[in-house]
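What follows is a short report on a single structure.
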Amino acid sequence: MRMKGAQVLVELLKKEGVECIFGYPGGAVLDIYDALFDTPEIRHILVRHEQGAAHAADGYARTTGKVGVCIATSGPGATNLVTGLATAYMDSIPIVALTGQVFTHLIGKDSFQEADTTGITMPITKHNFLVTNAEDLPHVIREAFYIASSGRPGPVLVDLPRDVQQKMIELVYPEKIKIPGYRPTYKGHAKQIKLAAEAIGEAKRPLLYVGGGVIASGASEVLFELATKADIPVVHTLMGKGAFPESHPLSLGMLGMHGTYWANKAVMRCDLLIAVGARFDDRVTGKLDTFAPHARIIHIDIDPAEIGKNVKPHIPIVGDARMVLAEIVKRLEPMTHPEWHEEIAQWKREYTPKYRESKKLLPHQVIERIYEKTKHLDTIVVTDVGQHQMWAAQKYPREKPRTWASSGGLGTMGYGLPASIGAQVGNPDKTVILISGDGSIFMKIQELVTAVNYCLPIKIFVMNNEFLGMVRQWQGCLYRGRYSCTRLVNPDIARVAQAFGAVGISVTTKDELDRAIDEALKTQDRPALVDCHIEEEENVLPFVPPGKSLDEMILE
Amino acid sequence: MEHIIAVLVENKPRVLARVASLFARRGYNIESLAVGPTQDPSISRITLVVTGNEHVLEQITKQLYKLIEVIKVGDFANTPVVDRELALIKVRAPSNLRGEIAQTAEIFRARIVDVDEESLIVEVTGTPDKIDALEQLLRKYGIIEMTRTGRIALARGSQSL
Ligand SMILES: Cc1ncc(C[n+]2csc(CCOP(=O)(O)OP(=O)(O)O)c2C)c(N)n1
Ligand SMILES: [Mg+2]
């Protein structure tokens with residue numbers, strides 16, 4: 001059947017199983033929007049800024065495991081996607097971004113709303129395409145979804161000139177994909193797997209260090225099997241939150257700059273570190289030379305380039321985390337490490353975080369309250385970036401994969417609100433909780449309109465410390481308290497929410513907080529924002545200052 | 001350490017930009033670069049000369065493989081190769097010195113490929129050292145301009161990348 005390129009595109013999106021798209025129209029995508037007009041099977045969510053579309057697609061992808069799709073027009077629409085693409089790229093999130101482009105004969109002429117979108121996004125996408133020949137469209141769309149979702153996932157951008165969208169072409173669905181240079185390795189090398197199993201068998205103080213790759217590959221169940229069968233404690237990264245149930249006695253919580261005391265101690269003491277789908281980021285390792293000084297290291301990753309990039313492992317294994325772990329588990333006998341657990345228990349006894357007394361709300365109390373009142377629900381927690389993100393990571397435990405969405409690698413303030421829109425659209429029956437900050441929320445506040453428009457009952461908690469708190473903390477610790485430009489003068493955020501048509505509540509005490517949480521949970525037809533006025537100068541602890549070793553934690 | 005890397009890529013627009021952008025953003029040094037078609041019209045060959053230790057070289061190779069359009073990366077660290085560069089050198093050549101210049105060129109198996117009243121163009125191929133040496137000798141006559149290609153290389157023997 002012959003139809004317009006834009007219609008072919010929409011048919012192919014349906015074939016790929018796309019149920020919803022986040023986007024913003026404009027001149028260079030008119031044909032696509034015209035085709036969507038006749039396509040009730042695909043729900044289009046109109047955001048208020050293209051960056052929001054990319055983050056929403058990202059939040060959708062992280063919480064559903066499907067590919068997120070966003071659309072923007074050429075020029076400014078496409079450039080507005082950039083931060084969202086970079087965020088998804090750093091965290092290996094599968095997104096397909098569709099952008100309009102000027103007519104092919106106008107490319108390179110500085111035409112109206114022309115930008116070199118594929119050039120701009122080259123370093124922040126897994127791959128991108130500029131379709132100059134309409135007949136290539138079916139192949140490109142198929143490849144885009146395949147590349148985004150296979151191997152190490154990531155964002156893929158497809159740039160579509162107007163004439164490509166308009167040309168009449170044959171609707172074909174390419175069954176075969178032929179990309180000669182792209183063959184991800186899923187199966188681990190048998191010899192390496194054997195070595196890993198032996199190393200685990202010999203270790204006295206083994207430790208699992210798990211990252212976002214465990215979630216991407218769906219390896220949580222087999223990870224659980226491995227940890228429990230071989231009695232190995234687990235530390236996770238910010239991206240690995242939810243990969244292993246945090247309530248389980250083997251979970252030591254998050255490691256790294258704001259990790260738990262015992263997680264970091266365990267890293268410094270273990271004799272075998274099993275890194276799974278994690279990439280030894282500087283926020284995790286602290287000073288690299290002193291990271292896990294007594295450990296042999298097994299590194300399992302689907303991306304060969306991650307292996308040896310920061311740390312040279314003794315046993316590298318390239319492959320899919322789920323498949324590799326399954327092979328390792330098969331080769332293991334059940335075992336226990338009571339002495340190792342006793343050492344860990346000792347660290348837990350010797351340090352309990354102390355919080356000062358305050359008339360004001362303390363941030364960890366707020367998160368704990370939110371947790372207490374929502375833990376019986378099926379929840380997804382989304383965060384923005386800053387101190388509140390770390391408090392959420394520390395105080396809101398996660399039990400299952402894909403119930404946590406936070407910008408880890410890029411640390412993008414403004415990620416939270418649009419990502420929670422994507423999460424709620426993709427999970428209409430779950431309770432989506434956004435923990436944001438008074439700085440971050442204003443980076444993408446316009447998306448509150450979107451949440452109201454689509455009646456999304458997101459529970460938004462703003463940890464309002466009237467500061468760019470995380471930066472203030474660094475200024476406090478590392479720049480002798482010279483708080484340069486980090487004090488925020490905010491409007492009444494609850495009233496801002498009300499003006500957008502959301503529920504808005506301002507709280508300063510525990511009782512008010514409790515009532516506000518109840519109110520937010522009751523609200524089912526629109527978002528509810530709770531502006532929590534917290535102690536202004538609270539620091540996130542423990543804190544491993546940049547460049548310091550993990551056992552040089554500042555504890556109070 | 002200097003390494004020669006050969007990269008087989010799909011012959012598509014922007015592939016060279018992807019490779020160059022990768023080197024720029026990861027902070028790898030390119031000493032020389034040459035691109036051209038292969039016996040298969042759908043595949044181009046990029047030859048890079050890079051500097052770095054073994055660790056850097058390994059990362060470069062792995063990062064190159066991450067580019068979707070990169071099909072094969074060959075590193076010639078432990079392989080005997082034939083490697084060549086081409087230079088065209090335009091040198092001042094008054095009639096009384098031509099013989100001398102021609103003789104110098106001869107020693108390097110270089111050819112004179114253009115002549116006019118005042119100048120000659122000398123074409124020379126070889127390893128970078130050889131070209132450097134000839135350039136050095138021609139300097140005293142006055143080099144008007146010169147251009148050199150990037151290095152290209154093939155492994156000796158019958159196997160291919
Ligand atoms: C887009 C962007 N700009 C700047 C930063 C640098 N930055 C990191 S945390 C932070 C402060 C965040 O403030 P807020 O949202 O109020 O969170 P808090 O730390 O106070 O909890 C800033 C400015 C960033 N991460 N992202
Ligand atoms: Mg703040």
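Can you find, within the stretch B:82-111, the residue that is nearest to the other protein chains (Cβ to nearest Cβ) among those that are farther than 29 Å from B:Val7 by Cβ, open to solvent by 30 Å² or more (accessible area, probe 1.4 Å) and assigned to a strand (DSSP E or B)? Within the stretch B:82-111, the match that is nearest to the other protein chains (Cβ to nearest Cβ) is B:Lys90.
Being more than 14 Å from chain B (Cβ to nearest Cβ) and in contact with a His (Cβ under 8 Å, 6 or more places away or on another chain) narrows it down to one residue among A:Tyr355, A:Tyr351; which is it? Even if it seems obvious, please write down each step before you answer.
Working: A:Tyr351 fails: in contact with a His (Cβ under 8 Å, 6 or more places away or on another chain).
Result: A:Tyr355 is the single residue among A:Tyr355, A:Tyr351 that is more than 14 Å from chain B (Cβ to nearest Cβ) and in contact with a His (Cβ under 8 Å, 6 or more places away or on another chain).
Checking the stretch B:39-47 against the condition returns a match, with at least one residue being out of contact with any helix residue (DSSP H, G or I) (no Cβ under 6 Å at 6 or more places or on another chain), within 24 Å of B:Ala155 (Cβ to Cβ) and within 10 Å of another protein chain (Cβ to nearest Cβ).
Checking A:Asp38, A:Asp91 one by one, the residue that is among the charged types (D, E, K, R) and buried (at least 22 other Cβ atoms within 10 Å of the Cβ) is A:Asp91 and no other.
Condition check for B:His55 on (1) modelled with pLDDT of 95 or more; (2) at the interface with another protein chain (Cβ under 9 Å from one of its Cβ atoms); (3) farther than 26 Å from A:Thr132 by Cβ: one failure, at (1).
Filter the stretch A:425-448 down to residues that are more than 13 Å from ligand 1 (Cβ to nearest atom) and under 18 Å from A:Ile370 (Cα atoms) and give me whichever is most open to solvent (accessible area, probe 1.4 Å). Walk me through it before giving the result.
So the first thing to find is which residues in the stretch A:425-448 are more than 13 Å from ligand 1 (Cβ to nearest atom), and the list is A:425-433, A:446-448.
In the following step, the residues that additionally are under 18 Å from A:Ile370 (Cα atoms) were identified as A:430-433.
Working: A:Lys430: 61, A:Thr431: 25, A:Val432: 0, A:Ile433: 1 Å².
The qualifying residue most open to solvent (accessible area, probe 1.4 Å) is A:Lys430.
Sub-6 Å Cβ pairs linking a first residue in the stretch B:141-161 that is within 16 Å of B:Ala87 (Cβ to Cβ) to a second residue that is among the hydrophobic types (A, V, I, L, M, F, W, C) and surrounded by fewer than 17 Cβ atoms within 10 Å (Cβ to Cβ), at least 6 apart or interchain, are B:Thr147/B:Leu88; B:Thr149/B:Leu86, ordered by first then second residue. Within the stretch A:155-178, not a single residue is open to solvent by less than 10 Å² (accessible area, probe 1.4 Å) and part of a loop (DSSP other than H, G, I, E, B). Of all the listed residues (A:Val503, A:Val530), the sole one being in contact with a helix residue (DSSP H, G or I) (Cβ under 6 Å, 6 or more places away or on another chain) and of a type outside the set (Gly, Ala, Ser) is A:Val530. Taken over the stretch A:399-446, the residue count meeting the criterion of being within 23 Å of A:Phe244 (Cα to Cα), in a loop (DSSP other than H, G, I, E, B) and in contact with a strand residue (DSSP E or B) (Cβ under 9 Å, 6 or more places away or on another chain) is 6.
I'm trying to understand the selection: among the residues of the stretch A:486-510, which are without any contact (Cβ under 8 Å) to a residue 24 or more places away in the chain and either surrounded by 13 or more Cβ atoms within 10 Å (Cβ to Cβ) or more than 13 Å from ligand 2 (Cβ to nearest atom) (or both)? Don't jump to the end; show me each part of the working.
Taking the stretch A:486-510 as the starting set, the residues that turn out to be without any contact (Cβ under 8 Å) to a residue 24 or more places away in the chain are A:486-487, A:489, A:491, A:495, A:498-499.
Scanning the stretch A:486-510 gives A:Thr486, A:Pro491, A:Arg495, A:Gln498, A:Ala499.
Applying the set (1) away from ligand 1 (no atom under 16 Å from the Cβ); (2) open to solvent by less than 40 Å² (accessible area, probe 1.4 Å); (3) in the same structural domain as A:Ile435 (by TED's automatic domain parsing); (4) among the acidic types (Asp, Glu) to A:Glu372 leaves exactly one unmet item: (2). Take the conditions (1) of a type in the set (D, E, K, R); (2) under 30 Å from A:Ala148 (Cβ atoms); (3) within 14 Å of chain A (Cβ to nearest Cβ); B:Asp75 misses just one of them, which is (3).
Can A:Asn465 be described as more than 14 Å from every other protein chain (Cβ to nearest Cβ), within 16 Å of ligand 2 (Cβ to nearest atom), open to solvent by less than 40 Å² (accessible area, probe 1.4 Å) and under 22 Å from A:His364 (Cβ atoms)? In short, yes. The criterion of at least 3 residues that are open to solvent by less than 20 Å² (accessible area, probe 1.4 Å) and closer than 14 Å to A:Ile328 by Cβ is met by the following helices (runs of 4 or more DSSP H) wholly inside the stretch A:199-290: A:220-230. For the structure I just gave you, tell me whether B:Gln39 is open to solvent by 70 Å² or more (accessible area, probe 1.4 Å), outside the structural domain of B:Asn11 (by TED's automatic domain parsing) and of a type outside the set (Ser, Thr, Tyr). Criteria not met by B:Gln39. Within the stretch A:64-84, not a single residue is of a type in the set (Lys, Arg) and part of a helix (DSSP H, G or I).
Here A:Gly75 meets the list (1) under 16 Å from the mean Cα position of the chain (by Cα); (2) surrounded by fewer than 24 Cβ atoms within 10 Å (Cβ to Cβ) almost entirely, failing just condition (1). Residue pairs whose Cβ atoms lie under 8 Å apart, sitting 6 or more positions apart in sequence or on different chains, and linking a residue in the stretch A:89-108 that is without any contact (Cβ under 8 Å) to a residue 60 or more places away in the chain to a partner that is part of a helix (DSSP H, G or I), are A:His105/A:Asp163.
Can you pull out every residue in the stretch A:342-396 that is assigned to a helix (DSSP H, G or I), β-branched (Val, Ile, Thr) and over 22 Å from the mean Cα position of the chain (by Cα)? Quick ask: steps written out before the conclusion?
Here is the first cut: in the stretch A:342-396, the residues assigned to a helix (DSSP H, G or I) are A:342-350, A:363-374, A:387-395.
Cutting the leftovers down to β-branched (Val, Ile, Thr) gives us A:344, A:366-367, A:370, A:374.
Answer for the stretch A:342-396, where residues must be assigned to a helix (DSSP H, G or I), β-branched (Val, Ile, Thr) and over 22 Å from the mean Cα position of the chain (by Cα): A:Ile344, A:Val366.
Quick one: in the stretch A:142-153, of everything that is buried (at least 24 other Cβ atoms within 10 Å of the Cβ) and touching a Pro at 6+ places or on another chain (Cβ under 8 Å), which residue is farthest from A:Gly188 (Cα to Cα)? It comes out as A:Ala148. Under 21 Å from A:Arg356 (Cβ atoms) and either more than 12 Å from ligand 1 (Cβ to nearest atom) or touching a strand residue (DSSP E or B) at 6+ places or on another chain (Cβ under 8 Å) (or both): does that describe A:Phe500? Judged against the criteria, A:Phe500 is not a match. Only residues that are surrounded by 19 or more Cβ atoms within 10 Å (Cβ to Cβ) and either part of a strand (DSSP E or B) or at the interface with another protein chain (Cβ under 7 Å from one of its Cβ atoms) (or both) were counted in the stretch A:123-134, giving 4. Checking each residue in the stretch A:528-556 for being part of a loop (DSSP other than H, G, I, E, B), of a type in the set (D, E, K, R) and open to solvent by less than 50 Å² (accessible area, probe 1.4 Å) picks out A:Glu535, A:Glu536, A:Glu538.
The values are calculated or read from the model by the stated rules, or taken from the named source; none is laboratory data. Owing to the predicted nature of the structure, the values given are computational and were not obtained by experimental measurement. With ideal geometry, Cβ positions are generated from the backbone for all residues, glycine too; neighbour counts draw on all protein chains shown. Just so you know, the surface numbers come from the protein's heavy atoms only, side chains and all, with ligands and any DNA or RNA stripped out. Shrake-Rupley method; radii C 1.70, N 1.55, O 1.52, S 1.80 Å.
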